[in-house]
Amino acid sequence: MLQTRNLSKRFGAHTAVQSVDLAVHEGTLHSIIGPNGAGKTTLFNLLSGDLQPTEGEIFFKGQPITRLDSARRSRLGIGRSFQRTNIFPQLSVFENVRIAAQSRSTASFDLWHPASSLGAVSQRAGEVLREIGLHERAEQLARELAGGDQRLLELAIALATDPVLLLFDEPSQGLSPEDAKRLMARIRALAARYTIVLIEHNVNLAMELSNEITVMHFGSVLARGTPAEIRSHQGVRDAYLGRRG
Amino acid sequence: MKARSLGALALLALIVALTPLLVRYPTLEAQMLISGLLALGFSFLLGQMGFLSFGQATFNGIGAYAAALALLHWHVPLVLLLAIGILAGTLSALVVGVLSIQGVGVYAVMLTFALNEMAYFSAFQLKGITGGDNGLRGLIRPDLFGFSLSSSLTYYYLVAVVFVLAVYVVLRIIDSPFGHVLRAIRENEQRAKAIGYEVRHFKIAAFALSGAISGLAGALYALLYQFVPLEAIDFNTSTNIVIMGLLGGVGSPFGPILGAAIYTLLANFLSEVWARWPLVLGVIFCCIVLFLRGGLWELGPLALRRIRHLGGGNVAADSKPL
Ligand SMILES: Nc1ncnc2c1ncn2[C@@H]1O[C@H](COP(=O)(O)OP(=O)(O)OP(=O)(O)O)[C@@H](O)[C@H]1O
Ligand SMILES: [Mg+2]
């Protein structure tokens, strides 16, 4: 579903992503793990179109998308969440999700009718909020949500755009262990319906959830394979897993 | 549209209809409404989309010149003159919009300013067309479908009807799917892109709408004074529009209308008794920027909240913008 070829991103002299070849297959949950600064978020920014690569190519459903901006990629069906909460703070929780759902409607240049008259859009927003478990907070301003709920909203916005591929960047970051567990259960449920690429700091959680894992280290791919293969990979153990005991 | 907005609009229409009957200064009152439209055009960009434009006089001036020239040279009927003002304002705002959204942050603001200066100097140089610093003179306000508008009171009512209609249209736009996208862009442009919106297109369209309102104001202005001074396109006018907007508050479309009314009144009466009246304005302006970020319009909800708070009511529900 998603492929990269020789993908690189340099910031000045610093290479954040180096010659990454990634293949995400349809229907899988593919995790990307690696220590801080390994280039995981930068890779996501390249995949979502928030950054342009210095080198290399990206293919989505076989089509090159390297030169498309983030809005075009979103409309093709790539949805993402951000590691640093990236919501619409002064809008209500409902509106945060509703505006994301509205992006799939052709009515966004309608200047005359009330936005609330877009029934299907509001309905979709309501569904997503219920699915994510934020429906009771719908009328609150997004900035007034607790940190954990903002992380959920981050996912809800991505989901409401009805993507086929979801890129989740450390969705459980900043959550309490219980909330993180609950969130992972939600992601497991989503994996039945979407192709998901997940950046996850907690290696054990990633191992539990994923079909495939890519390990990044200093911008490059250090290893890839099934959780079992990664667990027994000597390079990964030395560079990364070993340090965590 | 929300019932609250509709109620506020009805109240506004009532005030606009009665004012010149109670206090007879129809020319000044027409000026207040025209300034209100200019401030509304400015606040639409800042309040809804988060774009600070320091060049609104460009659209006002070009709208005024276009309508005035069409009247002088082709004796175009009144309704068409207003349409020409709208069209000219829209087109000039498209140009300014396309160019200035290339800039980021303060550079975008500077572009609206620089383009305003260019428009001003063009108007100044093209004496044969605009009259340069003598202004464009010799306009005679045409009839409306055979109905004379030569008295300032009848002309006031034309302005009033157009004004109320324009506010109604803006309220609808604010409540529309398009208006909601603008607020998403204001809140978080990167995320708006990430969920699939071509942010550039929305920004340019918002500029066009702001230009349409400002160009309409320009045409009404030209017909009010039957004269277009160079001042209509002057950067000073842009600054005054910014002040009116911030004075009243850009969060609600009613804020800039209030701000423009107060500004026009102060400019008219204080300037007669005291030449240094901008000093008073400066003090008020500083107080608002420092203590009342939402502008004077915020005083209403603030007072309401106080009252409800005393009664133990819900506070948060009121803090949402109109
Ligand atoms: N816009 C940027 N400009 C310059 N350097 C950057 C930029 N974005 C990231 N980097 C650098 O690139 C490297 C990779 O950063 P990235 O955020 O991709 O890592 P990460 O794997 O997501 O780390 P974490 O686990 O902490 O989220 C880091 O050294 C970072 O400082
Ligand atoms: Mg990261």
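Among the DSSP helices (H) of chain A, those spanning at least 18 angstrom by Cα along their long axis with an average Kyte-Doolittle hydropathy of 0.0 or more are A:147-160; this is a geometric and hydropathy rule only. Compute, for B:Tyr221, the solvent-accessible surface of its heavy atoms (probe 1.4 Å) with the complete set of protein chains present, and express it in square angstrom to the nearest 10. Solvent-accessible area, nearest 10 Å²: 40 Å². Sort out for me the Cα centre separation of region A:76-112 from region A:170-245, rounded to whole Å. Measuring centre to centre over Cα atoms gives 28 Å.
Counting only DSSP beta bridges with both residues in the protein assembly as shown, tell me the antiparallel percent, nearest 5. Percentage antiparallel, nearest 5: 55. Charge tally around A:Arg104: other residues with Cβ under 11 Å, Lys/Arg +1 each, Asp/Glu -1 each, net +1. Cα centroids of region B:46-72 and region B:232-274: 15 Å apart.
The order of the peptides A:91-102, B:283-294, B:122-133 by mean Cβ neighbours within 10 Å, most packed first, is A:91-102, B:122-133, B:283-294.
With the simple model of a label 7 Å out from the Cα in the direction of the Cβ, A:Glu131 to A:Gln52 spans 3.4 nm.
Rounded, prolate or oblate for region A:107-193? Axes are the square roots of the Cα gyration tensor eigenvalues, ordered a ≥ b ≥ c, and the cut-off for rounded is a/c under 1.5. Here region A:107-193 falls in the prolate category. Partner aspartates and glutamates whose Cα lies under 19 Å from the Cα of A:Lys9, excluding those fewer than 8 positions away in the same chain, are identified as A:Asp21, A:Asp50, A:Glu55, A:Glu57, A:Asp69, A:Asp169. Grouping the Cα pair distances of region B:3-234 into 5 Å bins from zero gives a pair-distance distribution of 1, 7, 14, 18, 18, 16, 12, 8, 4, 2, 0 percent in increasing distance order. Remark: mean inter-chain Cβ contacts per residue of A:59-72 equal 2, using a 10 Å Cβ-Cβ cutoff to other protein chain atoms.
Going highest first, how would you order A:24-37, A:109-122, B:27-40 by mean Cβ packing within 10 Å?
On the way: A:24-37: 18.7, A:109-122: 15.9, B:27-40: 24.9.
Packing proxy ranking, top to bottom: B:27-40, A:24-37, A:109-122.
Highest average first, the peptides A:187-197, B:100-110 ordered by how many other beta carbon atoms sit within 10 Å of their residues are A:187-197, B:100-110.
Computed on chain A, with alpha-carbon pairs under 8 angstrom and 6+ residues apart, the relative contact order is 27 percent. Think of the protein assembly as shown as a dipole: +1 on every Lys or Arg Cβ, -1 on every Asp or Glu Cβ, centred on the Cα centre; then among B:Leu12, A:Thr66, B:Ile288, A:Thr66 lies furthest on the positive end.
Give the average, rounded to an integer, of partner chain Cβ atoms located within 10 angstrom of each Cβ in B:166-179. Numbers along the way, then the final one.
Numbers: counts 0, 0, 0, 2, 1, 0, 4, 3, 2, 7, 11, 18, 9, 4.
Across B:166-179, the average partner-chain Cβ count within 10 Å equals 4.
By DSSP, the beta bridges lying fully in chain A are antiparallel in about 55 percent of cases.
For the pair A and B, how large is the buried accessible area, both sides, in square angstrom to the nearest 100, if the probe is 1.4 Å? Kindly include the intermediate steps, with their values, before the conclusion.
Working: alone 11920 and 15610 Å², together 24710 Å².
Counting both chains, the buried surface is close to 2800 Å².
Between B:Ile129 and B:Val104, residue separation times 0.36 nm minus the direct Cα-Cα distance comes to 5.5 nm.
Solvent-accessible surface of chain B, taken per residue with a 1.4 Å probe and all protein chains present: 44 Å².
Relative contact order for region B:220-284: 16 percent, from Cα pairs under 8 Å spaced at least 6 residues apart, divided by residue count.
Could you work out, residue by residue across A:76-87, how many beta carbons of other chains sit within 10 Å of that residue's beta carbon, and then give the average as an integer? Each step should come with its number before you reach the end.
Details: counts 1, 1, 2, 3, 3, 1, 3, 0, 0, 0, 4, 3.
Per-residue shielding by partner chains comes out at 2.
Report Rg(Cα)/(2.2 N^0.38 Å) for the protein assembly as shown, keeping two decimals. If you can, show how the numbers build up before the last one.
On the way: Rg = 28.1 Å, N = 567, 2.2 N^0.38 = 24.5 Å.
Normalised Rg, Cα atoms only: 1.15.
The values are calculated or read from the model by the stated rules, or taken from the named source; none is laboratory data. Remember, predicted model here, so these are calculated numbers, not experimental data. Don't worry about glycine lacking a Cβ; one is built from the backbone with ideal geometry, like all the others, and counts go over all protein chains shown. Note: areas computed on protein heavy atoms with side chains; ligands, DNA, RNA excluded. Shrake-Rupley method; radii C 1.70, N 1.55, O 1.52, S 1.80 Å.
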